[in-house]
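*Asks:* My structure is below; once you've seen it, I'll send some questions.
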Amino acid sequence: MKAGLITAPRRIEIIDAPDDTLGRIPEELASIPKVTVQLEKACLCGSDSPFFNYDFAELKANNRRIIDFVVSYEKDSVYPLNLGLSLHECVGTVVETHSAKFKVGDFVLALPFDQHGFFSLLTLPENRIFKLPESNVSKEEILLCQPLGTIIYGFRKLPELEGKTVAIIGQGPIGLMMNSLLAKTGASKVIAVDCQSDRLSLSRKTGATHVINHSQESTSAKLQEINDGKLADIVIEAVGHNESAIDLAVGLATHDGFVLNFGVIDGWHEDHFPFGKAFYKNLTISHSVGAALPEHFLPAADMIAKGEIDVSSLLTHSLPFNQAQEAYELFVDRKEGAIKVVLDFESNG
């Protein structure tokens with residue numbers, strides 16, 4: 001089979017690997033029946049970006065060992081990174097099963113461990129496989145039930161939304177899908193915040209009632225102009241890998257407001273958290289990570305399959321998986337208006 005291998009900062013190669021290579025299955029789950037999936041489509045996510053974009057050898061040299069549960073800093077050379085990094089939004093067809101829950105030919109979502117999912121044949125325990133509904137939507141669209149499921153999982157922590165003003169910082173794929181969900185909840189205002197005008201133009205199409213370009217105007221002042229002189233009742237940080245985003249989120253929240261930290265942190269941002277500002281605003285702050293159950297992803301798959309949420313506009317690029325280098329560059333550098341970049345395992349280019 002084929003697998004992805006990050007061999008240096010901003011360099012990923014496609015190599016041959018044995019068909020029985022496993023992607024970091026925890027020892028305590030080794031006895032659970034396994035299912036092997038032939039990957040068909042995968043999609044890049046912001047949480048994949050650091051593995052490609054960061055120089056982990058330099059981080060090691062500077063004693064900034066982030067994501068150390070995945071990156072092996074104890075090796076003489078950090079590179080290459082672990083085989084299979086980094087993909088975790090994956091769909092395909094079951095080609096072998098030791099589980100009574102699945103049969104050969106089932107079309108499924110496969111959820112790798114710790115983003116070790118860049119394998120053309122992905123073998124996982126049955127509890128990391130989710131059968132997808134039959135639908136007229138494309139495989140690429142139904143694939144987005146994985147990130148949408150993580151949003152549904154995170155939104156369970158939100159307070160009552162009826163009549164509230166909600167600001168979403170970050171209008172990448174996650175923020176844009178959040179707009180669509182929030183538009184259905186009864187929130188009075190859904191305010192999208194980003195630095196890229198092309199993404200903000202899409203924000204309105206996905207449900208935002210207002211947009212703010214953080215690079216062109218005072219975000220706080222504009223928010224208060226939109227919201228009758230008040231800050232937001234609820235602020236969602238959907239940027240990730242950016243120490244200033246949570247600071248902005250706290251700044252935009254009203255007194256006694258709520259902040260959801262959804263974006264993935266890198267591990268060096270703890271010293272930058274605005275504890276004082278959050279304390280004196282009396283904010284409630286929550287976090288969300290770890291969606292991994294059927295009730296997280298299958299409702300999202302149904303919503304997409306039934307056309308309740310249209311994700312097609314987010315799918316901007318699709319490349320054969322053996323062009324992973326170009327795909328990661330497109331996604332990480334936000335070239336050509338890239339939002340969601342698909343790796344197509346059904347095409348060899």
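Every number here is computed from the coordinates shown, using simple stated rules; none is lab data. Everything numeric here is computed off the predicted structure, so don't read it as measured data. Don't worry about glycine lacking a Cβ; one is built from the backbone with ideal geometry, like all the others, and counts go over all protein chains shown.
*Asks:* Can you list the chymotrypsin sites (Phe, Trp or Tyr not before Pro) in segment 198-292 that are in a DSSP coil and have 14 or fewer other beta carbons within 10 angstrom?
*Replies:* Sites meeting the loop and neighbour criteria: TRP268.
*Asks:* Could you tell me, in Å, what Rg and Dmax come out for the Cα atoms of segment 62-168?
*Replies:* 18.1, 56
*Asks:* For ILE168, enumerate residues with amide H under 5 Å from its amide H, sequence gap 5+ or separate chain, H modeled in the peptide plane.
*Replies:* Residues meeting the criterion, in which the H sits 1.01 Å from N, are ILE191, ALA192, VAL193, ILE236.
*Asks:* Something else: Loop-only check: which GluC sites (Glu not before Pro) in segment 142-243 are DSSP coil with at most 13 other Cβ within 10 angstrom?
*Replies:* In loop regions of segment 142-243 (DSSP not H, G, I, E or B), the sparsely surrounded GluC sites (Glu not before Pro) are GLU160, GLU162, GLU217.
*Asks:* Moving on. Please turn the phi angles of segment 208-216 into ³J(HN,Hα) values with the Karplus equation 6.51 cos²θ - 1.76 cosθ + 1.60 (θ = phi - 60°), one per residue in order, whole Hz, x for glycine and proline.
*Replies:* Listing the rounded values in order: 5, 7, 9, 10, 10, 8, 4, 7, 10 Hz.
*Asks:* Continuing with the same structure: Could you list, in their original order, any pairs among LYS2/LYS41; LYS139/LYS340; LYS2/LYS60 whose Cα atoms are separated by more than 21 Å?
*Replies:* Cα-Cα > 21 Å for LYS2/LYS60; rest within.
*Asks:* Note down the net charge around ASN322, summing +1 for each Lys or Arg and -1 for each Asp or Glu among other residues with Cβ under 11 Å from its Cβ.
*Replies:* Overall, the nearby charge balance is -2.
*Asks:* Once label points are set 7 Å from the Cα along Cα→Cβ at both SER312 and LEU29, what is their separation, rounded to one decimal in nm?
*Replies:* A separation of 3.4 nm, rounded to one decimal place.
*Asks:* Sum up the lysine pairs in segment 158-287 that clear both bars: alpha-carbon distance under 13 Å and a spacing of 8 or more or different chains.
*Replies:* Qualifying lysine pairs in segment 158-287: 5.
*Asks:* I would also like to ask the following. Modelling each spin label as a point 7 Å along the Cα-to-Cβ direction, I'd like the ARG156/LYS335 distance in nm, to one decimal.
*Replies:* Label at ARG156, label at LYS335, 4.0 nm between them.
*Asks:* Counting only residues 5 or more places away or on other chains, whose amide H sits under 5 Å from the amide H of ASP310 once H atoms are built in the peptide plane?
*Replies:* Amide H neighbours of ASP310: none.
*Asks:* Say a paramagnetic label sat at a point 7 Å from the Cα of HIS98, along Cα to Cβ; which residues of segment 1-36 have their backbone N under 11 Å from it?
*Replies:* Taking a point 7 Å out along Cα→Cβ of HIS98, the residues of segment 1-36 whose backbone N falls under 11 Å are 30-36.
*Asks:* Applying the Karplus parametrisation 6.51 cos²θ - 1.76 cosθ + 1.60 with θ = phi - 60° to the phi angles of segment 169-177, what ³J(HN,Hα) value in whole Hz is obtained for each residue in order, glycine and proline being reported as x?
*Replies:* Running phi through 6.51 cos²θ - 1.76 cosθ + 1.60 with θ = phi - 60° gives 8, x, 10, x, x, 5, x, 5, 5 Hz.
*Asks:* Beyond 31 Å, what share of the Cα-Cα pairs of the chain remains, rounded to the nearest whole percent?
*Replies:* Cα-Cα pairs in the chain separated by more than 31 Å: 34 percent.
*Asks:* Still on this structure, please answer the following. Using +1 at the Cβ of each Lys and Arg and -1 at the Cβ of each Asp and Glu in segment 158-287, identify which of MET178, THR219, ALA208 lies farthest towards the dipole's positive end.
*Replies:* ALA208
*Asks:* Then there is this: Considering every pair of different Cα atoms, what Kirkwood radius, in Å, is found for segment 158-287?
*Replies:* Across segment 158-287, the inverse of the average 1/r is 14.3 Å.
*Asks:* Using 0.36 nm per residue, how much length does the chain from SER135 to GLN216 gain when fully extended, once their Cα-Cα distance is taken away?
*Replies:* 25.0 nm
*Asks:* Length gain on complete extension for the stretch ARG204 to ALA61, per 0.36 nm per residue less the alpha carbon to alpha carbon distance?
*Replies:* Between ARG204 and ALA61, full extension yields an extra 47.1 nm.
*Asks:* Sequence-distant or interchain residues sharing an amide H contact under 5 Å with SER318, placed H: which?
*Replies:* Those lying under 5 Å, H to H, from SER318 are VAL342.
*Asks:* With a point put 7 Å past each Cα toward its Cβ, work out how far LYS230 is from ASN282 in nm, to one decimal.
*Replies:* Going from the LYS230 label point to the ASN282 one covers 1.5 nm.
*Asks:* Would you kindly state how much longer the chain becomes between SER197 and ASN348 on full extension, computed as 0.36 nm times their sequence separation minus their alpha carbon distance, in nm to one decimal?
*Replies:* Between SER197 and ASN348, full extension yields an extra 51.0 nm.
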